[in-house]
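J.: I have a structure I would like to understand better, so I am pasting it below and will then ask my questions one at a time.
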Amino acid sequence: MVKIYELWPGRNKFYCGGRFITAKNSEGFYGTLGLTVIPTILFWIFSCVPLREVLPIIGSLFGTCLMMSSLLMTSFMDPGIIPRTKSPAPEEEGEEKLPQSIAMTTPHKTFTFESKWCNTCKLYRPPRSSHCSICDNCVMEFDHHCPWVGNCVGKRNYRYFVIFVWSAIFNSAVVCATTAYQAYTVGKTAGGILPAISSIPMSAVLFVYCIIIIFTVMSLGGYHLYLIASGITTNEDMKHTFEREMSPYSKGPVSNFYYILCGPRYPSYLQLREEITELQFEEVVYYEEDPNGELKEIKVEPKPAPLVDEFHEISLDDIDDTAPFVQKKEQNVN
(Lines give C-alpha, C1' and ligand atoms only; values in the text may rest on other atoms or scores of the structure.)
Protein backbone atom coordinates (compact mmCIF):
# COMPACT_ATOMS: atom_id res chain seq x y z
CA MET A 1 0.00 0.00 0.00
CA VAL A 2 1.11 3.56 -0.74
CA LYS A 3 1.49 5.87 2.24
CA ILE A 4 0.69 9.58 2.27
CA TYR A 5 4.30 10.76 2.59
CA GLU A 6 5.22 8.92 -0.64
CA LEU A 7 2.88 11.22 -2.61
CA TRP A 8 3.47 14.40 -0.62
CA PRO A 9 3.02 17.43 -2.93
CA GLY A 10 5.38 19.80 -1.06
CA ARG A 11 9.14 20.09 -1.60
CA ASN A 12 10.18 17.91 1.32
CA LYS A 13 12.27 14.83 2.01
CA PHE A 14 11.20 12.06 4.36
CA TYR A 15 13.26 9.61 6.38
CA CYS A 16 12.55 6.39 8.30
CA GLY A 17 9.27 5.72 6.53
CA GLY A 18 7.84 9.22 6.94
CA ARG A 19 8.75 9.64 10.61
CA PHE A 20 11.06 12.59 9.93
CA ILE A 21 10.55 15.48 7.53
CA THR A 22 12.91 18.17 6.23
CA ALA A 23 13.21 20.47 3.23
CA LYS A 24 14.25 18.98 -0.10
CA ASN A 25 17.25 21.33 -0.24
CA SER A 26 18.68 20.54 3.18
CA GLU A 27 22.41 20.62 2.37
CA GLY A 28 22.89 23.50 4.82
CA PHE A 29 22.01 21.15 7.69
CA TYR A 30 25.06 19.01 6.98
CA GLY A 31 27.23 22.13 6.88
CA THR A 32 25.89 23.16 10.29
CA LEU A 33 26.49 19.64 11.57
CA GLY A 34 30.12 19.82 10.45
CA LEU A 35 30.64 23.30 11.91
CA THR A 36 29.44 22.08 15.31
CA VAL A 37 30.63 18.47 15.58
CA ILE A 38 34.18 18.80 14.18
CA PRO A 39 35.27 21.71 16.47
CA THR A 40 33.75 19.90 19.46
CA ILE A 41 35.75 16.74 18.78
CA LEU A 42 38.94 18.76 18.27
CA PHE A 43 38.26 20.59 21.53
CA TRP A 44 37.93 17.35 23.46
CA ILE A 45 41.15 15.96 21.94
CA PHE A 46 43.43 19.00 22.10
CA SER A 47 42.07 20.91 25.12
CA CYS A 48 40.06 18.72 27.50
CA VAL A 49 42.39 15.71 27.46
CA PRO A 50 45.64 17.65 28.11
CA LEU A 51 44.06 19.77 30.86
CA ARG A 52 42.47 16.82 32.70
CA GLU A 53 39.94 19.20 34.26
CA VAL A 54 36.42 17.95 35.06
CA LEU A 55 34.50 21.23 34.79
CA PRO A 56 35.23 21.93 31.08
CA ILE A 57 34.27 18.36 30.19
CA ILE A 58 30.94 18.59 32.05
CA GLY A 59 30.15 21.99 30.52
CA SER A 60 31.05 20.83 27.02
CA LEU A 61 29.06 17.60 27.30
CA PHE A 62 25.99 19.47 28.54
CA GLY A 63 26.26 22.14 25.83
CA THR A 64 26.94 19.62 23.07
CA CYS A 65 24.03 17.34 24.02
CA LEU A 66 21.65 20.31 24.20
CA MET A 67 22.96 21.77 20.94
CA MET A 68 22.80 18.53 18.94
CA SER A 69 19.39 17.43 20.24
CA SER A 70 17.81 20.84 19.54
CA LEU A 71 19.41 20.96 16.07
CA LEU A 72 18.00 17.54 15.17
CA MET A 73 14.56 18.45 16.55
CA THR A 74 14.51 21.69 14.54
CA SER A 75 15.68 20.04 11.33
CA PHE A 76 13.59 16.86 11.25
CA MET A 77 10.35 17.89 12.96
CA ASP A 78 7.15 18.98 11.26
CA PRO A 79 7.34 22.78 11.77
CA GLY A 80 3.56 23.11 11.72
CA ILE A 81 2.62 22.34 8.12
CA ILE A 82 -1.06 22.73 7.28
CA PRO A 83 -2.23 19.82 5.09
CA ARG A 84 -3.34 20.82 1.61
CA THR A 85 -6.88 20.40 0.43
CA LYS A 86 -8.31 20.05 -3.05
CA SER A 87 -11.14 22.47 -2.48
CA PRO A 88 -11.89 24.74 -5.45
CA ALA A 89 -10.91 28.38 -5.24
CA PRO A 90 -13.69 30.68 -3.98
CA GLU A 91 -14.07 32.27 -7.43
CA GLU A 92 -14.85 28.85 -8.85
CA GLU A 93 -17.66 28.48 -6.33
CA GLY A 94 -19.11 31.85 -7.26
CA GLU A 95 -18.05 33.78 -4.16
CA GLU A 96 -17.46 37.47 -4.72
CA LYS A 97 -14.63 38.12 -2.25
CA LEU A 98 -11.67 36.00 -1.21
CA PRO A 99 -10.74 37.20 2.30
CA GLN A 100 -12.42 35.93 5.43
CA SER A 101 -12.79 38.42 8.27
CA ILE A 102 -12.16 36.78 11.64
CA ALA A 103 -12.67 38.63 14.92
CA MET A 104 -9.98 37.71 17.46
CA THR A 105 -10.10 38.65 21.13
CA THR A 106 -7.13 39.05 23.50
CA PRO A 107 -6.75 40.45 27.03
CA HIS A 108 -5.85 43.78 25.43
CA LYS A 109 -8.42 44.27 22.69
CA THR A 110 -10.53 42.74 19.95
CA PHE A 111 -9.12 43.01 16.46
CA THR A 112 -9.98 41.77 12.99
CA PHE A 113 -7.72 39.38 11.13
CA GLU A 114 -8.09 38.97 7.37
CA SER A 115 -7.45 35.39 6.30
CA LYS A 116 -5.95 35.07 2.82
CA TRP A 117 -6.64 32.31 0.34
CA CYS A 118 -3.64 30.15 -0.66
CA ASN A 119 -3.94 29.09 -4.28
CA THR A 120 -1.33 26.36 -3.84
CA CYS A 121 -2.68 24.69 -0.70
CA LYS A 122 -6.34 25.50 -1.52
CA LEU A 123 -7.21 26.82 1.92
CA TYR A 124 -7.70 29.98 3.95
CA ARG A 125 -4.55 30.60 5.96
CA PRO A 126 -5.04 30.71 9.74
CA PRO A 127 -3.72 33.75 11.65
CA ARG A 128 0.08 34.14 11.58
CA SER A 129 0.44 31.43 8.92
CA SER A 130 2.35 31.92 5.69
CA HIS A 131 3.28 29.92 2.61
CA CYS A 132 6.98 28.99 2.39
CA SER A 133 8.19 29.39 -1.19
CA ILE A 134 11.09 26.98 -0.59
CA CYS A 135 9.20 24.06 0.98
CA ASP A 136 5.96 24.93 -0.85
CA ASN A 137 3.81 24.47 2.25
CA CYS A 138 1.65 26.69 4.44
CA VAL A 139 3.14 26.72 7.94
CA MET A 140 1.37 27.71 11.16
CA GLU A 141 2.94 30.65 13.00
CA PHE A 142 5.59 30.81 10.27
CA ASP A 143 8.82 32.44 11.47
CA HIS A 144 11.25 31.88 8.59
CA HIS A 145 12.87 29.22 6.46
CA CYS A 146 16.34 28.51 7.83
CA PRO A 147 18.81 27.03 5.31
CA TRP A 148 21.26 26.29 8.15
CA VAL A 149 18.88 23.73 9.69
CA GLY A 150 17.32 22.70 6.37
CA ASN A 151 13.74 23.26 7.43
CA CYS A 152 11.06 25.85 8.06
CA VAL A 153 10.88 27.31 11.55
CA GLY A 154 7.29 27.56 12.71
CA LYS A 155 4.87 26.91 15.55
CA ARG A 156 6.07 23.39 16.40
CA ASN A 157 9.88 23.72 16.22
CA TYR A 158 10.54 27.39 17.04
CA ARG A 159 11.48 26.66 20.68
CA TYR A 160 14.09 24.11 19.56
CA PHE A 161 15.54 26.62 17.10
CA VAL A 162 15.99 29.20 19.88
CA ILE A 163 17.52 26.57 22.19
CA PHE A 164 19.92 25.51 19.42
CA VAL A 165 21.10 29.09 18.85
CA TRP A 166 21.76 29.77 22.53
CA SER A 167 23.29 26.35 23.23
CA ALA A 168 25.72 27.00 20.36
CA ILE A 169 26.66 30.29 22.04
CA PHE A 170 27.06 28.54 25.40
CA ASN A 171 29.22 25.79 23.90
CA SER A 172 31.43 28.36 22.17
CA ALA A 173 31.84 30.25 25.44
CA VAL A 174 32.96 27.03 27.17
CA VAL A 175 35.56 26.44 24.45
CA CYS A 176 36.84 30.03 24.68
CA ALA A 177 37.14 29.92 28.47
CA THR A 178 38.84 26.52 28.46
CA THR A 179 41.36 27.30 25.71
CA ALA A 180 42.20 30.64 27.36
CA TYR A 181 42.81 28.84 30.65
CA GLN A 182 44.90 26.24 28.83
CA ALA A 183 47.05 28.98 27.27
CA TYR A 184 47.48 30.57 30.70
CA THR A 185 48.61 27.32 32.38
CA VAL A 186 50.96 26.41 29.52
CA GLY A 187 52.31 29.97 29.43
CA LYS A 188 53.44 29.73 33.06
CA THR A 189 55.91 27.00 32.13
CA ALA A 190 56.61 28.06 28.53
CA GLY A 191 57.68 31.57 29.49
CA GLY A 192 54.85 33.69 28.10
CA ILE A 193 51.62 33.70 26.12
CA LEU A 194 53.22 33.63 22.66
CA PRO A 195 55.32 30.51 23.35
CA ALA A 196 52.19 28.93 24.84
CA ILE A 197 50.14 29.64 21.71
CA SER A 198 52.86 28.18 19.48
CA SER A 199 52.83 24.99 21.57
CA ILE A 200 49.02 24.59 21.44
CA PRO A 201 48.12 25.85 17.92
CA MET A 202 44.88 23.88 17.62
CA SER A 203 43.53 25.33 20.87
CA ALA A 204 44.42 28.83 19.61
CA VAL A 205 42.54 28.18 16.37
CA LEU A 206 39.50 26.93 18.31
CA PHE A 207 39.59 30.05 20.50
CA VAL A 208 39.50 32.37 17.47
CA TYR A 209 36.82 30.24 15.75
CA CYS A 210 34.52 30.30 18.78
CA ILE A 211 35.01 34.04 19.31
CA ILE A 212 33.74 34.54 15.74
CA ILE A 213 30.80 32.19 16.41
CA ILE A 214 29.86 34.02 19.61
CA PHE A 215 29.81 37.48 18.03
CA THR A 216 27.92 36.38 14.91
CA VAL A 217 25.38 34.04 16.53
CA MET A 218 24.89 36.31 19.56
CA SER A 219 23.22 38.92 17.35
CA LEU A 220 20.82 36.27 16.04
CA GLY A 221 20.11 34.99 19.54
CA GLY A 222 19.50 38.51 20.85
CA TYR A 223 17.17 39.26 17.95
CA HIS A 224 15.01 36.24 18.75
CA LEU A 225 14.89 37.17 22.43
CA TYR A 226 13.49 40.52 21.30
CA LEU A 227 10.94 38.77 19.07
CA ILE A 228 9.78 36.51 21.89
CA ALA A 229 9.49 39.38 24.35
CA SER A 230 7.49 41.37 21.77
CA GLY A 231 5.23 38.44 20.88
CA ILE A 232 5.99 38.55 17.14
CA THR A 233 7.65 36.32 14.56
CA THR A 234 10.49 37.09 12.17
CA ASN A 235 8.00 37.12 9.31
CA GLU A 236 5.77 39.65 11.10
CA ASP A 237 8.77 41.79 12.03
CA MET A 238 10.12 41.85 8.46
CA LYS A 239 6.68 42.77 7.11
CA HIS A 240 6.14 45.40 9.85
CA THR A 241 2.81 43.78 10.67
CA PHE A 242 2.60 45.43 14.10
CA GLU A 243 4.80 48.45 13.43
CA ARG A 244 2.40 51.01 14.93
CA GLU A 245 1.02 48.97 17.80
CA MET A 246 1.88 46.18 20.21
CA SER A 247 1.30 42.66 18.95
CA PRO A 248 -2.18 41.51 20.03
CA TYR A 249 -0.68 38.04 20.55
CA SER A 250 1.69 39.26 23.27
CA LYS A 251 0.83 38.76 26.94
CA GLY A 252 3.98 40.36 28.27
CA PRO A 253 7.62 39.24 28.07
CA VAL A 254 7.51 36.72 30.94
CA SER A 255 4.36 34.96 29.71
CA ASN A 256 5.66 35.02 26.14
CA PHE A 257 8.91 33.30 27.16
CA TYR A 258 7.01 30.73 29.21
CA TYR A 259 4.65 29.96 26.32
CA ILE A 260 7.49 29.55 23.79
CA LEU A 261 9.97 27.61 25.94
CA CYS A 262 7.79 25.75 28.45
CA GLY A 263 4.33 25.55 26.89
CA PRO A 264 2.91 22.27 25.57
CA ARG A 265 4.18 21.13 22.20
CA TYR A 266 1.62 21.73 19.47
CA PRO A 267 0.30 18.55 17.79
CA SER A 268 1.03 17.79 14.15
CA TYR A 269 -1.77 17.67 11.57
CA LEU A 270 0.31 15.49 9.26
CA GLN A 271 -0.54 11.80 9.30
CA LEU A 272 2.15 10.87 6.81
CA ARG A 273 2.39 7.17 7.64
CA GLU A 274 -1.27 6.41 7.02
CA GLU A 275 -2.00 4.20 4.05
CA ILE A 276 -3.90 5.61 1.09
CA THR A 277 -6.92 3.42 0.48
CA GLU A 278 -7.89 4.82 -2.92
CA LEU A 279 -5.96 6.60 -5.65
CA GLN A 280 -6.93 8.77 -8.56
CA PHE A 281 -4.60 9.18 -11.53
CA GLU A 282 -3.76 12.61 -12.89
CA GLU A 283 -2.66 12.75 -16.52
CA VAL A 284 0.16 15.20 -17.23
CA VAL A 285 0.31 16.83 -20.67
CA TYR A 286 2.80 19.42 -21.93
CA TYR A 287 3.75 20.82 -25.33
CA GLU A 288 7.16 20.93 -26.98
CA GLU A 289 8.20 22.83 -30.08
CA ASP A 290 9.54 20.64 -32.92
CA PRO A 291 12.26 21.73 -35.42
CA ASN A 292 9.54 23.06 -37.76
CA GLY A 293 8.25 25.44 -35.09
CA GLU A 294 5.04 23.49 -34.49
CA LEU A 295 3.81 22.54 -31.03
CA LYS A 296 3.79 18.83 -30.35
CA GLU A 297 1.67 17.35 -27.58
CA ILE A 298 3.57 15.07 -25.21
CA LYS A 299 1.79 12.97 -22.62
CA VAL A 300 3.49 11.75 -19.49
CA GLU A 301 2.55 8.51 -17.77
CA PRO A 302 -0.27 9.25 -15.30
CA LYS A 303 0.90 9.79 -11.73
CA PRO A 304 -1.09 8.57 -8.71
CA ALA A 305 -2.53 11.18 -6.38
CA PRO A 306 -4.51 10.71 -3.17
CA LEU A 307 -8.15 11.67 -2.97
CA VAL A 308 -9.17 14.74 -0.99
CA ASP A 309 -10.03 13.01 2.26
CA GLU A 310 -6.70 11.19 2.42
CA PHE A 311 -4.99 14.48 3.30
CA HIS A 312 -7.44 15.06 6.18
CA GLU A 313 -8.94 18.33 4.96
CA ILE A 314 -9.23 20.88 7.76
CA SER A 315 -10.76 24.31 8.13
CA LEU A 316 -10.02 27.37 10.23
CA ASP A 317 -12.33 26.06 12.94
CA ASP A 318 -10.16 22.94 13.31
CA ILE A 319 -6.98 24.87 14.07
CA ASP A 320 -6.14 26.34 17.45
CA ASP A 321 -3.80 28.67 15.63
CA THR A 322 -3.02 31.18 18.35
CA ALA A 323 -1.60 31.28 21.83
CA PRO A 324 -3.85 30.01 24.65
CA PHE A 325 -4.70 33.57 25.67
CA VAL A 326 -6.06 34.44 22.21
CA GLN A 327 -9.51 33.18 21.29
CA LYS A 328 -11.49 33.22 18.07
CA LYS A 329 -14.73 35.10 18.60
CA GLU A 330 -16.57 34.90 15.32
CA GLN A 331 -16.02 34.13 11.68
CA ASN A 332 -17.64 35.82 8.73
CA VAL A 333 -17.24 35.21 5.03
CA ASN A 334 -17.73 38.46 3.15
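J.: Which residue pairs have Cβ atoms under 7 Å apart, sit 6 or more places apart or on different chains, and have a first residue in the range 189-210 that is over 21 Å from residue 60 (Cβ atoms) and modelled with pLDDT under 95 and a second that is surrounded by fewer than 18 Cβ atoms within 10 Å (Cβ to Cβ) and among the polar types (S, T, N, Q)?
T.: 190/199
J.: Which of the residues belonging to the range 44-92 are of a type in the set (A, V, I, L, M, F, W, C), in a loop (DSSP other than H, G, I, E, B) and at pLDDT 95 or above?
T.: 77
J.: For the condition among the β-branched types (Val, Ile, Thr), at pLDDT 95 or above and either over 16 Å from the mean Cα position of the chain (by Cα) or farther than 18 Å from residue 28 by Cα (or both), what is the one hit in 186, 153, 174, 162?
T.: 174 is the lone residue from the list that is among the β-branched types (Val, Ile, Thr), at pLDDT 95 or above and either over 16 Å from the mean Cα position of the chain (by Cα) or farther than 18 Å from residue 28 by Cα (or both).
Residue by residue, here is whether (1) within 20 Å of the chain's Cα centre (by Cα); (2) in a helix (DSSP H, G or I) holds:
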| site | (1), (2) |
| --- | --- |
| 197 | no, yes |
| 203 | no, yes |
| 210 | no, yes |
| 214 | no, yes |
| 219 | yes, yes |
| 224 | yes, yes |
| 240 | no, no |
| 243 | no, no |
| 246 | no, no |
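J.: Here is a further query. Assess whether residue 226 counts as being of a type outside the set (Asp, Glu) and without any contact (Cβ under 8 Å) to a residue 60 or more places away in the chain.
T.: yes
J.: Another question, if that's okay. Quick one: would you say residue 227 is of a type in the set (A, V, I, L, M, F, W, C), surrounded by fewer than 15 Cβ atoms within 10 Å (Cβ to Cβ) and farther than 15 Å from residue 64 by Cβ?
T.: Answer is no for this residue.
J.: Here's another thing I want to ask about it. Kindly provide the set of residues from the range 241-261 that are farther than 15 Å from residue 113 by Cα, surrounded by fewer than 16 Cβ atoms within 10 Å (Cβ to Cβ) and free of Cβ contacts under 8 Å to residues at least 40 places away in the same chain, ordered by number.
T.: Within the range 241-261, 243, 244, 252, 253, 254, 257, 258 qualify.
J.: Residue 234 fails exactly one of the following numbered conditions: (1) modelled with pLDDT of 95 or more; (2) over 21 Å from the mean Cα position of the chain (by Cα). What is the number of that condition?
T.: For residue 234, the exception is condition (2).
J.: Filter the range 47-58 for residues that are in contact (Cβ under 8 Å) with a residue 40 or more places away in the chain and under 17 Å from residue 37 (Cβ atoms); which is surrounded by the fewest Cβ atoms within 10 Å (Cβ to Cβ)? Let's see the steps before the verdict.
T.: The first filter runs over the range 47-58 and keeps only residues in contact (Cβ under 8 Å) with a residue 40 or more places away in the chain, leaving 47-48, 50-51, 53, 56.
Now drop any that are not under 17 Å from residue 37 (Cβ atoms), which leaves 47-48.
Values: 47: 25, 48: 19.
So the residue we want is 48.
J.: Hey, another quick one. Would you please name the residue that is nearest to residue 75 (Cα to Cα), looking only at residues in the range 140-170 that are among the aliphatic types (A, V, I, L, M), out of contact with any Leu (no Cβ under 8 Å at 6 or more places or on another chain) and assigned to a helix (DSSP H, G or I)? Can you show your working first?
T.: Initially, the range 140-170 is screened for residues among the aliphatic types (A, V, I, L, M), giving 140, 149, 153, 162-163, 165, 168-169.
Filter again for out of contact with any Leu (no Cβ under 8 Å at 6 or more places or on another chain), leaving 140, 153, 168-169.
From what's left, assigned to a helix (DSSP H, G or I): 168-169.
Numbers: 168: 15, 169: 18 Å.
Applying the filter and picking the extreme gives 168.
J.: Looking at the range 124-139 only, could you name the residues that are closer than 16 Å to residue 78 by Cα and either charged (D, E, K, R) or at pLDDT below 90 (or both)?
T.: 136
J.: Out of 137, 151, report the one residue that is over 24 Å from residue 66 (Cα atoms), crowded, with 16+ Cβ neighbours inside 10 Å, in contact (Cβ under 8 Å) with a residue 60 or more places away in the chain and in contact with a strand residue (DSSP E or B) (Cβ under 6 Å, 6 or more places away or on another chain).
T.: Only one candidate passes the filter, namely 137.
J.: Every residue in the range 1-45 that is among the aliphatic types (A, V, I, L, M) and touching an Asp or Glu at 6+ places or on another chain (Cβ under 8 Å), please.
T.: Here is the first cut: in the range 1-45, the residues among the aliphatic types (A, V, I, L, M) are 1-2, 4, 7, 21, 23, 33, 35, 37-38, 41-42, 45.
1, 2, 4, 21, listed by residue number.
J.: Could you tell me whether residue 52 is of a type in the set (Lys, Arg) and either touching a strand residue (DSSP E or B) at 6+ places or on another chain (Cβ under 7 Å) or closer than 28 Å to residue 272 by Cβ (or both)?
T.: Considered against the rule, which asks whether it is of a type in the set (Lys, Arg) and either touching a strand residue (DSSP E or B) at 6+ places or on another chain (Cβ under 7 Å) or closer than 28 Å to residue 272 by Cβ (or both), residue 52 comes out as no.
J.: A further question follows. Looking only at the range 248-265, count how many residues are within 19 Å of residue 163 (Cβ to Cβ) and either not in a helix (DSSP H, G or I) or not polar (S, T, N, Q) (or both).
T.: So the count comes out to 11.
The values are calculated or read from the model by the stated rules, or taken from the named source; none is laboratory data. Everything numeric here is computed off the predicted structure, so don't read it as measured data. All Cβ positions, glycine included, derive from the backbone under ideal geometry; neighbour counts span all protein chains shown.
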